[in-house]
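Input: a single structure, listed below in structure tokens.
The values are calculated or read from the model by the stated rules, or taken from the named source; none is laboratory data. Quick caveat: nothing in here was measured; it's all calculated off a predicted structure. Cβ: placed from backbone, ideal geometry, glycine included. Neighbour counts: every protein chain shown.
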Ligand code: SF4
Ligand code: SF4
């Protein structure tokens, strides 16, 4: 039975991009240096920002991101500082290259999860999306992390480039001994927004989601691995909520911008900004003003930047509401 994971009003999530540099150039990368900056944050700035947020939202879950966060030589220090500041959980999202010998610089007691990204169950599918050789390096990195006792998760971003290969993922997860599987939906942000093949080839439809993605999620849960995936579509009896209004999420970038909604990240719509050691609210108009708008299609930002994934009935009303991109469903092994 799928359980909808509503936004928690009691837990905050801090998604901290400590740099935007990366060794890969994935086709769907959402990092946009024009909007997010190109600097690698120094450890003092990382400490200052983590300290401010730990006071504002004590016990938040923290996710270190990039770019590739393991390219940052001070990531181990940042993890330990976050522990001392009382963050509730610490995750490192990685493409699997695990720079700076990171698995030997940290322990399973210090990092809750290393979260790896693969976009295929084979090099033949993954590598054209994420880069030559990346499947082999990433799977080797997962084996090493598991052997050292780290908890691992795998993120698979579904698009038309890898939809059919999803069926082979359950066997791969078992082989890699993954602890949690996350299915992500392709977003038209960053590099994928500039792709000429964007909505026609990259995004999966409602029917494809139902027929190809959800059965795989059920299969993975049945073999004992929890699965989390975005809700995407809301039916008539389901209530729409915007996480920007009711949840406590922070998407931090090296140029100091702090967004509350990931769909806004390609635009200067951030609601907060780190300036001179303070977290300053931005003047209108920013994403917070958009969160207040109520439309029959559900998510306002989706309607603005991804109108192609809304299906209308003959009378002009939307067939489904589009859920907040932060609303998830989870399947747990019974
Ligand atoms: S998606 Fe991640 S691994 Fe790929 S280029 Fe972007 S930051 Fe790097
Ligand atoms: S994705 Fe849509 S519903 Fe969710 S926070 Fe952003 S604007 Fe709100």
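Tabulated data
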{"quantity": "Subset of segment 286-311 that is closer than 21 Å to residue 34 by Cα and modelled with pLDDT under 95 - its residue that is nearest to ligand 2 (Cβ to nearest atom)", "calculated": "301"}
{"quantity": "Segment 133-181, residues that are more than 27 Å from residue 89 (Cα to Cα) and either out of contact with any helix residue (DSSP H, G or I) (no Cβ under 8 Å at 6 or more places or on another chain) or part of a helix (DSSP H, G or I) (or both)", "calculated": "134, 135, 136, 164, 165, 166, 167, 168, 171"}
{"quantity": "Pairs where the first residue, in segment 313-334, is without any contact (Cβ under 8 Å) to a residue 40 or more places away in the chain and over 13 Å from residue 185 (Cα atoms) and the second is within 16 Å of ligand 2 (Cβ to nearest atom) and in a loop (DSSP other than H, G, I, E, B), C-beta under 6 Å, 6+ apart", "calculated": "318/296; 318/297; 318/310"}
{"quantity": "Verdict on residue 53 being touching a helix residue (DSSP H, G or I) at 6+ places or on another chain (Cβ under 7 Å) and surrounded by 21 or more Cβ atoms within 10 Å (Cβ to Cβ)", "calculated": "no"}
{"quantity": "Residue that is nearest to residue 21 (Cα to Cα), among those in segment 175-192 that are crowded, with 16+ Cβ neighbours inside 10 Å and modelled with pLDDT under 70", "calculated": "190"}
{"quantity": "Criterion violated by residue 28 - all others in (1) closer than 11 Å to residue 253 by Cβ; (2) in contact with a strand residue (DSSP E or B) (Cβ under 7 Å, 6 or more places away or on another chain); (3) within 13 Å of ligand 1 (Cβ to nearest atom) satisfied", "calculated": "(1)"}
{"quantity": "Unique residue being within 16 Å of ligand 1 (Cβ to nearest atom) and assigned to a loop (DSSP other than H, G, I, E, B) when the list is 96, 86", "calculated": "96"}
{"quantity": "Matching residues in segment 115-132 - criterion: being part of a helix (DSSP H, G or I) and in contact (Cβ under 8 Å) with a residue 12 or more places away in the chain", "calculated": "123, 125, 126, 128, 129, 130"}
{"quantity": "Per-region count, segment 254-276, residues part of a loop (DSSP other than H, G, I, E, B), touching a helix residue (DSSP H, G or I) at 6+ places or on another chain (Cβ under 9 Å) and either within 16 Å of ligand 2 (Cβ to nearest atom) or on the phi > 0 side of the Ramachandran plot (or both)", "calculated": "10"}
{"quantity": "Filter result for the condition that a residue is touching a helix residue (DSSP H, G or I) at 6+ places or on another chain (Cβ under 6 Å), touching a residue at least 24 places away in the same chain (Cβ under 8 Å) and surrounded by fewer than 18 Cβ atoms within 10 Å (Cβ to Cβ), over 102, 43", "calculated": "43"}
{"quantity": "Filter result for residue 279 (outside any loop (DSSP other than H, G, I, E, B) and touching a helix residue (DSSP H, G or I) at 6+ places or on another chain (Cβ under 9 Å))", "calculated": "yes"}
{"quantity": "Failed item, numbered, when residue 76 is tested on (1) under 19 Å from residue 279 (Cβ atoms); (2) buried (at least 19 other Cβ atoms within 10 Å of the Cβ)", "calculated": "(1)"}
{"quantity": "Residue, farthest from residue 271 (Cα to Cα), within segment 282-302, restricted to residues that are in contact (Cβ under 8 Å) with a residue 40 or more places away in the chain and either within 16 Å of ligand 1 (Cβ to nearest atom) or out of contact with any helix residue (DSSP H, G or I) (no Cβ under 6 Å at 6 or more places or on another chain) (or both)", "calculated": "298"}
{"quantity": "Answer residue from segment 312-332, given it is over 19 Å from residue 6 (Cα atoms) and out of contact with any strand residue (DSSP E or B) (no Cβ under 7 Å at 6 or more places or on another chain) and is nearest to ligand 2 (Cβ to nearest atom) among those", "calculated": "317"}
{"quantity": "Filtered residue count, segment 1-40, keeping only those that are away from ligand 2 (no atom under 16 Å from the Cβ), surrounded by 19 or more Cβ atoms within 10 Å (Cβ to Cβ) and within 30 Å of residue 334 (Cα to Cα)", "calculated": "0"}
